[in-house]
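Read the structure below first, then the notes.
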Amino acid sequence: MLANPDFAWMDGEIVEWKNATVHVSTDLVLRGANVFEGMRGYWNSDKKEMFIFRNAEHLKRLRESAKIMRMTIPYTDEELTEAFIQLIRKNKFEEGVHFRPVVYFDQGEPNFYKPEEIRTGMFILAFARPHSKAIFNGVESCTSTWRRNSDLSMPSRVKAGANYHNSRLAHVEARINGFASPIMLNERGKVSEGPASCFMMVRDGVVITPPVTGDILESITRATLIQLCREELGIEVVEREVDRSELYIADEGFFCGSGAEVTPMISLDRYPLGSGKVGPITKKIQDLYFDVAAGKVEKYRDWLLPVYGRG
Ligand SMILES: Cc1ncc(COP(=O)(O)O)c(C=O)c1O
């Protein structure tokens, strides 16, 4: 469990952690009516600077999720960016942080309101969050018996809290059965993603990942890694449908996401992937990703937003 910080941001102001509350009658609480982002700030100890990774892309996706759910975010991008900076500064974070801006529907007649007839609120929670051990050791995964949300019912493209009930069913089942994060297939039986991350595999030196039409979240990390593979590492990347059985014969595999970062998968359904250890291409991609995120690669500095004004 991550330690609670001292402050959160709620409806336009920084509040003490204990005062960051919403009423039980809200549609947020009753029906999970929210959209959100999961973002990271990376600490560069040489520069004593925190870099928010791909702020503009996360804000854009937050608005896209809100648009599909017919929510109007009551703040501009500039106001939200300032809120992120102020919240991190106020908590005096000097290590990696993970933060979640959340937009939600307040209290309304059950399901009958038009979006403009209900208050839209917003809060931001930020936690110090170091890399998980799984980043370095890899995870033993399984194929979930649960299918990923279909675009025909509740689009996985929307980063909505309610989508994470689908994720939770899959994740808890995997944990109870002795695995870490599972792979979910979509309703067409093709590989989609993990409960909170996208997936990439390596076959014969080529990185292969399900397409954005495969019932996945349009992951910012996925887009980042595709670009870094192509432009920096000279690795071919193919976006295409992936069969479950292809994973068993993949040389390497990894989950990717703002939270998951680049988490190697070392086995699936007890089939070892490649050597059954963290793969060399995965490691290369992971190393570059961390260097870029920490501001060590000049070319990608415009992906980073300095928080303390020292970077
Ligand atoms: C379901 C799901 N898929 C994919 C991702 C990865 O998206 P991103 O790289 O934008 O964080 C996430 C969040 O991290 C997620 O929750």
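Coordinate-derived values only; no laboratory data. Only a predicted model underlies this, so the values are computations on that prediction, with no experimental measurement involved. Virtual Cβ from ideal backbone geometry, glycine too; neighbours counted across all protein chains shown.
Based solely on its DSSP helices, what 222 nm [θ] is calculated for the chain when runs of n ≥ 4 H residues each add -39,500 (n - 2.57) and the sum is averaged over all residues, nearest 500 deg cm²/dmol? If you can, show how the numbers build up before the last one.
Numbers: 8 runs with 79 residues, N = 311.
Dividing the helical sum by the residues of the chain leaves -7500 deg cm²/dmol.
If you stretched the chain out fully between residue 206 and residue 127, how much longer would it get, using 0.36 nm times the residue separation minus the C-alpha to C-alpha distance? Before the final figure, lay out the partial values.
Numbers: separation 79, 0.36 × 79 = 28.44 nm, distance 3.55 nm.
Between residue 206 and residue 127, full extension yields 24.9 nm more.
Need one number: convex hull volume per residue for the stretch 150-283, Cα atoms only, in Å³.
99
If one computes P(r) from the Cα atoms of the stretch 137-180, what percent of pairs lie at distances over 13 Å?
I get 56 percent for the Cα pairs in the stretch 137-180 exceeding 13 Å.
What ranking of 67, 190, 114 emerges when the number of other C-beta atoms within 10 Å of each C-beta is taken as an exposure proxy, fewest first?
Working: 67 13, 190 18, 114 8.
Lowest count first: 114, 67, 190.
Cα extents of the stretch 34-175 along the three principal axes, largest first, in whole Å?
So the extents along the principal axes, rounded to whole Å, are 53, 42, 22.
Under the Kirkwood approximation applied to all pairs of distinct alpha-carbon atoms, what is the hydrodynamic radius of the stretch 199-240 in Å?
Over the stretch 199-240, the inverse of the mean reciprocal pair distance is 10.4 Å.
Which entries of 114/190; 92/159; 133/277; 159/190; 48/299; 47/92 show an alpha-carbon separation above 25 angstrom in the structure shown?
Working: 114/190 36 Å; 92/159 28 Å; 133/277 14 Å; 159/190 21 Å; 48/299 20 Å; 47/92 15 Å.
With Cα atoms farther than 25 Å apart: 114/190; 92/159.
Determine, from the Cβ-Cβ distance of residue 94 and residue 11 and an R0 of 35 Å, the FRET efficiency 1/(1 + (r/R0)^6), rounded to the nearest 0.05.
The formula returns an efficiency of 0.80 here.
Sticking to Cα atoms, compute the Rg of the chain to one decimal and its Dmax as the biggest Cα-Cα distance, whole number, in Å.
19.4, 57
Tell me, what HN-Hα J-couplings in whole Hz come from the Karplus equation 6.51 cos²θ - 1.76 cosθ + 1.60 at θ = phi - 60° for each residue of the stretch 237-251, using x for Gly and Pro?
Here the 3J(HN,Hα) series is 10, 10, 9, 7, 4, 10, 7, 4, 5, 5, 5, 5, 10, 6, 7 Hz.
Sketch the reach of a paramagnetic label on residue 244 as a point 7 Å from Cα along Cα-to-Cβ, and name the residues of the stretch 136-180 whose backbone nitrogen lies under 16 Å away.
141-149, 170-171, 173-174
Under a point spin-label approximation (7 Å from Cα along Cα-to-Cβ), what is the residue 78-residue 25 distance to one decimal in nm?
3.7
Please get the size of the charge dipole for the chain, origin at its Cα centre, with Cβ charges of +1 on Lys and Arg and -1 on Asp and Glu, quoted in debye to the nearest 20.
Rounded to the nearest 20 debye, it is 400 debye.
For residue 236 and residue 107 in the same chain, what is the full-extension length gain: residue separation times 0.36 nm, less their Cα-Cα distance, in nm?
Taking 0.36 nm per residue and subtracting the Cα distance, the gain is 41.5 nm.
Any chance you could list P(r) for the stretch 1-88, counting all Cα-Cα pairs in 10 angstrom bins from zero, rounded to whole %?
Per 10 Å bin, starting at zero, the Cα-Cα P(r) for the stretch 1-88 comes out as 14, 39, 39, 7, 1 percent.
If you bin the C-alpha pair distances of the stretch 217-311 every 10 Å from 0, what whole percents do you get?
Bin by bin from 0 Å, the calculated values are 14, 43, 31, 10, 3.
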